[in-house]
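The values are calculated or read from the model by the stated rules, or taken from the named source; none is laboratory data. Everything numeric here is computed off the predicted structure, so don't read it as measured data. Neighbour counts are summed over all protein chains in view; Cβ atoms, including those assigned to glycine, are modelled from backbone coordinates with ideal geometry. Side chains included, ligands, DNA and RNA excluded: accessible areas come from the protein's heavy atoms. Shrake-Rupley method; radii C 1.70, N 1.55, O 1.52, S 1.80 Å.
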Amino acid sequence: MALRPLGIGDVRIGGFWADRQRANASAIPLGRQRLEEAGNLQNLRIAAGQADGEAIGPVFADSDVYKWLEAVAWEYAREPSDALLEMQREVTALVAAAQSDDGYLNSVVQVRHRDQRYTDLPWSHEHYCAGHLVQAAVAQVRCTGDTALLDVAVKLADHLADTFGEDRRHDVDGHPVIEMALVELYRVTGDPRHLELARYFTEARGHGLMAGYGQEPTYFSDRVPVREATTVEGHAVRAVYLAAGAADLAAELGDDGLLDALRTQFDHMTATKMYVTGGLGSRWDREAFGDPYELPTDRAYAETCAAIGGVQWAWRMLLATGDARYADAIERMLFNGFLSGVSLAGTEYFYVNPLQHRSDAHADGNRSPAHGRRGWFDCACCPPNVMRTLAGLEGYIASRDDSGLQLHQYAPGTVTAGDTALTVETGYPWDGLVRVRVDAAPGPVTLSLRVPAWAEGATVGGAPAGPGYVRVQAAAGDVVELRLPMEVRTTTAHPRVDAVRGCVAVERGPLVYAAEQADHDTPVDDLRIDLGAPRVSEHRPDLLGGVTVVTAGELTLVPYYAWANRGPAPMRVWIPTT
Ligand code: FUB
Ligand code: ZN
């Protein structure tokens, strides 16, 4: 592994992301309530023999509880409170009570299917739920020191290792996530069986195990082995979760062949299958990646969970390779296609994140963005996924290696690693000045500051810099200044993206901008941009929680992430030129 992550509590952040985290913190108790109302907790009670009734909700209902538990753990690390601990312990005890003596756990199967296990693994999400449980358990022990959920996770992982593998039952879940979860568990337990099972589940795909399960193998990321794939395809969340797990595995096993394959896939994804917002998955049909350059704006799917999985994959690639392009991708996804998935209040969510919302758009289903953001969904994978991601965001800011510290994402705050301590001052993403002060260091330390690929004309310590990491030697008391130009940029898509031919997207710093109806008299559907018009940026503390607005002629643009906080009105990112 080229880079190592920092420990819990080593990074503290303020500013833009801390505002979003505070809003998220207020949503976590509501999440508990929604899990109650939607029946997820009741399913566990029935499985535990504490209540009677039938299981309700989707087959993966338990996973929402686990993602929420993971959010509680990260939030506790950020801002400890007795209330969080109490919620965590109560729900963890319920999960533990629902677990069978032999370690098996999936309340929907236990109750609805009378404990008929693994009869329909491509659809049943039994390993998927296990994966989310394991991730929550790892977060819980790291953030709070509680081992109660870890005990459940280890028992379940051991049951899986007894049941599946090379010389055991050959089968894989239709929805990856167990792979990265088992590697994370291995890093806590050191038990080689956990790593081996992660390897087995990763390598077993692509050999026809899921043929005949009602979808093309592509849907399940089962068309070709992951080490032979050259692109991402099929269901977007499944594809990026699998890739993230494979990246973990490659790092843990030193498997350069696998890492190279993932590099190729990631490059192909960012070049041909990623929206300018970082959104992933362009088809509503099967929630899937489309063909290269198939990137419609109004029918974009770009599920919030897919952006989250994209960040998880990119982070693992970044650690494995030290390549700044992965940090660039994380930035694009986090500030745009991920953050659009949650309201400014932190309590309502988009499942689907289009780049255009037309006048009189018809709400054709529970997930339709035409409803505006919603508190929960029939299929509620995204809300608790947002909660855990925002609560644990500090993890993506910085890393270390033997020579020093790397800053990947910019936010005001502090970074500590061993004897080295930094303070970062910045108004990012509105302002491009980042000042890094070395508060303590045992001697000269190498600071690596990321200059994003968009930041043409950047300087570090007054000298031209980037793109990529600029390495600076610094000692205690030194201040390093990074200046990232915040000029408004217009971006054109690859000519093969027919959907936006003749259009530009407007960007400023890491943010993609959008035209929203609330700022225009002309219908947004009819707006044009005059590329000759001067572009003016103005910070408006009063608007949308405080945003920098961009105007160009008659056009007023707001950050894409903030759209639909004034109602689900027409919006577009790609704007036809005059
Ligand atoms: O299948 C579980 C989750 O539901 C997926 O990750 C989402 O795409 C949604 O289909
Ligand atoms: Zn989702």
Asp101 label point, 7 Å along Cα→Cβ, cut-off 16 Å on backbone N: hits in region 12-50? 48-49
Taking a crude spin-label model, label points 7 Å out from Cα along the C-beta direction, the Ala453 to Thr522 distance in nm is 3.2 nm
Can you tell me the orientation of helix 236-253 relative to the chain, as the angle in degrees between its alpha-carbon axis and the longest Cα principal axis, to the nearest 10? 80 degrees
Can you work out ³J(HN,Hα) from phi for every residue in region 68-78, in order, using Karplus 6.51 cos²θ - 1.76 cosθ + 1.60 and θ = phi - 60°, giving whole Hz and x for Gly and Pro? 5, 4, 5, 4, 4, 5, 4, 5, 5, 5, 6
So, how do all the Cα-to-Cα distances of region 39-204 break down into 5 Å bins, in percent, from 0 on up? 2, 10, 19, 23, 20, 15, 8, 3, 1, 0
Let me check the size of region 488-576 from its C-alpha atoms; what are the radius of gyration and Dmax in Å? 12.5, 40
Taking the alpha-carbon set of region 1-77, what are its Rg and Dmax in Å? 16.7, 52
Show the residues, 5+ positions off or on another chain, whose built amide H is closer than 5 Å to the amide H of Asp171. Gly165
Rounded to the nearest 0.05, what FRET efficiency do Asp151 and Leu30 give with R0 = 41 Å and r taken as the Cβ-Cβ distance? Could you check? 0.90
Gain in span if fully extended, Glu487 to Arg358, counting 0.36 nm per residue against the direct Cα distance: 43.6 nm
Using a Förster distance of 51 angstrom, determine the FRET efficiency expected from the C-beta separation of Asp402 and Leu531, and round it to 0.05. 0.60
Excluding ligands, DNA and RNA, the carbon-plus-sulfur percentage of the accessible area of region 216-392 with a 1.4 Å probe reads 44 percent
Length gained, Arg169-Tyr118, 0.36 nm per residue minus C-alpha separation, equals 17.3 nm
Output the relative contact order of the chain, whole-number percent, from Cα pairs under 8 angstrom with separation of 6+ residues. 13 percent
Applying the Karplus parametrisation 6.51 cos²θ - 1.76 cosθ + 1.60 with θ = phi - 60° to the phi angles of region 113-130, what ³J(HN,Hα) value in whole Hz is obtained for each residue in order, glycine and proline being reported as x? 9, 6, 6, 7, 8, 6, 8, 8, 4, x, 10, 6, 6, 5, 6, 4, 4, 4
Percent relative contact order for region 1-93, counting Cα pairs under 8 Å at least six residues apart, stands at 25 percent
If one computes the Cα centroid of region 548-578 and of region 357-381, what distance in Å separates the two points? 20 Å
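Can you tell me the accessible area per residue over region 488-576, all protein chains present, probe 1.4 angstrom, in square angstrom?
Per-residue accessible area for region 488-576 comes out at 41 Å².
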Tell me which trypsin sites (Lys or Arg not before Pro) from region 86-124 have a DSSP coil assignment and no more than 10 other beta carbons within 10 Å of their own. Arg114
For region 182-251, averaging the sequence separation of alpha carbon pairs under 8 Å that lie six or more residues apart and dividing by its residue count, the contact order in percent is 28 percent
Calculate one ³J(HN,Hα) per residue across region 523-534 by plugging θ = phi - 60° into the Karplus curve 6.51 cos²θ - 1.76 cosθ + 1.60, and present them in order as whole Hz with x for glycine and proline. x, 4, 4, 9, 5, 9, 10, 8, 5, x, 6, x
Distance from region 119-196 to region 18-57 (C-alpha centre basis), Å: 21 Å
Would you list Ile56, Ile28 from the most to the least accessible area, probe 1.4 Å? Ile56, Ile28
Counting just the Cα atoms, what span does region 208-273 cover along each of its three principal axes? Round to the nearest Å and put the largest first. 35, 27, 17
Region 132-217: trypsin sites (Lys or Arg not before Pro) in DSSP coil with no more than 15 other Cβ atoms inside 10 Å: Arg168
Rounded to the nearest 500 deg cm²/dmol, what is the calculated helix-only ellipticity per residue at 222 nm for the chain, with -39500 (n - 2.57) per DSSP H run of length n ≥ 4? -11500 deg cm²/dmol
Going out from 0 in 20 Å bins, what whole percent of all Cα-Cα distances in the chain drops into each bin? 21, 57, 22, 1
Computed over the chain: longest principal axis from alpha-carbon atoms vs helix 304-321 long axis, angle to nearest 10 degrees, is 80 degrees
